[in-house]
Amino acid sequence: MGAGASLAMSGIDMALWDIRGKAAGWPLYRLLGGGRRPIPAYAGGVALGYQEPAALLDEMAPHLAAGYRAVKLRVGDTVAADIARMEATRKAHPDVEILTDANIGYTIEDVRRVMPAMDALGIGWLEEPFPAYDHHLYRQAAGYGRTPLAAGENHFTRYEFNRVLEDGVIRIWQGDLSKSGGITECLRIAAMGSAFKIPFHPHSSMTGVNQAASIHLLAAIDNGGYFEADISTANKFRDEMCSTPWAIRPDGTVLPNEAPGIGVEVDEDWLRAHPAIEGPGYV
Ligand SMILES: [Mg+2]
């Protein structure tokens, strides 16, 4: 059971849940025992270009105006530049929740130096400072401060989350419905975390199908956290591959779709026109 098998299983599982919902005439959240409740969303993908603080605040402004009450900044640049962006964001927006994602770009020494600033600024989490297999580094980093460590988009099936649970240092789980084994497997992973009061904030890029499915799951689990709203300017898998998957509401929340199944229609002509290609295309 490697990552490739887990990704393939995830897609098949998601398709089967969609078929089941369409056969029953029920939206996915209802099939999963959930309710149509508002799910808080964060604006993900801000500062992807490691821009200067002023430009970052400009980039953030329309999203905060649209309703978002939480943003996720990319870190993993120099520690000094990361801290400057976080400080500028905190100063401009004292009430906005600031989350961070290093995309495995930190060394253990970077974390030792950045963690006091994250603690002082009240950062909500530090996501993926290291690759998933660096268990010992996560353990060491957890001793450097209070900001919780987050990970999960590169953990596959409940058997890898089992190790995370036993280690007890990653306290924010971010399994991905399209990677970690599907809707069925993410329900199991979320339930494992629920018994330990570990919140589940699914990683949800890149596709609109995955994003819509993630909202359904969040509406059906008892330890659900944020919906990761992909606010990148160009994402054809969100904007062209399927019908509109979700919409941000003025209070910074999203609602699961009401249409049967996942509630989005895939454009199969578009898929045929965009076949799989070889190469490192997945982010
Ligand atoms: Mg991430």
Item to check | Evaluation of Asp82 against (1) more than 30 Å from Ala213 (Cα to Cα); (2) within 16 Å of the ligand (Cβ to nearest atom); (3) among the charged types (D, E, K, R); (4) without any contact (Cβ under 8 Å) to a residue 24 or more places away in the chain (one fails), failing number | outcome: (4)
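Filter region 161-172 down to the residues that are away from the ligand (no atom under 12 Å from the Cβ), open to solvent by less than 30 Å² (accessible area, probe 1.4 Å) and farther than 17 Å from Ser6 by Cα and list them by number.
Taking region 161-172 as the starting set, the residues that turn out to be away from the ligand (no atom under 12 Å from the Cβ) are 161-171.
So of that shortlist, the ones also open to solvent by less than 30 Å² (accessible area, probe 1.4 Å) come out as 161, 164, 169-170.
Once the filter is applied, which keeps residues that are away from the ligand (no atom under 12 Å from the Cβ), open to solvent by less than 30 Å² (accessible area, probe 1.4 Å) and farther than 17 Å from Ser6 by Cα, region 161-172 yields Val164, Val169, Ile170.
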Next on the checklist: Being in contact with a strand residue (DSSP E or B) (Cβ under 9 Å, 6 or more places away or on another chain), surrounded by 18 or more Cβ atoms within 10 Å (Cβ to Cβ) and modelled with pLDDT of 95 or more: is that true of Glu185 here?
Outcome noted: no
Next on the checklist: I'd like to check something: does region 142-162 contain any residue that is assigned to a helix (DSSP H, G or I) and either free of Cβ contacts under 8 Å to residues at least 24 places away in the same chain or basic (Lys, Arg) (or both)?
Outcome noted: yes
Next on the checklist: Looking at region 146-160 only, could you name the residues that are away from the ligand (no atom under 16 Å from the Cβ) and open to solvent by less than 30 Å² (accessible area, probe 1.4 Å)?
Outcome noted: Thr157
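What about Ile231, is it under 16 Å from the mean Cα position of the chain (by Cα) and on the phi < 0 side of the Ramachandran plot?
Values: under 16 Å from the mean Cα position of the chain (by Cα): yes; on the phi < 0 side of the Ramachandran plot: yes.
It is true that Ile231 is under 16 Å from the mean Cα position of the chain (by Cα) and on the phi < 0 side of the Ramachandran plot.
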Checklist outcome for this item: Given the conditions (1) open to solvent by 10 Å² or more (accessible area, probe 1.4 Å); (2) more than 30 Å from Ala259 (Cβ to Cβ); (3) in contact (Cβ under 8 Å) with a residue 12 or more places away in the chain; (4) touching a helix residue (DSSP H, G or I) at 6+ places or on another chain (Cβ under 8 Å), every one holds for Gly105 apart from (4)
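Sort through Ser178, Ser204 and tell me the only one that's at pLDDT below 95, within 16 Å of the ligand (Cβ to nearest atom) and not aliphatic (A, V, I, L, M). Lay out the reasoning, then the answer.
Working: Ser178 fails: at pLDDT below 95.
Result of the check over Ser178, Ser204: Ser204.
May I ask you to verify whether Thr78 is open to solvent by 30 Å² or more (accessible area, probe 1.4 Å) and of a type in the set (Val, Ile, Thr)?
yes
Does Ala219 satisfy the condition of being farther than 21 Å from Met9 by Cβ, crowded, with 21+ Cβ neighbours inside 10 Å, touching a residue at least 12 places away in the same chain (Cβ under 8 Å) and touching a Pro at 6+ places or on another chain (Cβ under 6 Å)?
Details: farther than 21 Å from Met9 by Cβ: yes; crowded, with 21+ Cβ neighbours inside 10 Å: yes; touching a residue at least 12 places away in the same chain (Cβ under 8 Å): yes; touching a Pro at 6+ places or on another chain (Cβ under 6 Å): yes.
Answer is yes for this residue.
The values are calculated or read from the model by the stated rules, or taken from the named source; none is laboratory data. What you see is a predicted model; the values in this text were computed from it and never measured. Neighbour counts run over all protein chains shown; Cβ positions are idealised from the backbone, glycine included. Please note that ligands, DNA and RNA were not included when accessible areas were found on the heavy atoms of the full protein model with its side chains. Shrake-Rupley method; radii C 1.70, N 1.55, O 1.52, S 1.80 Å.
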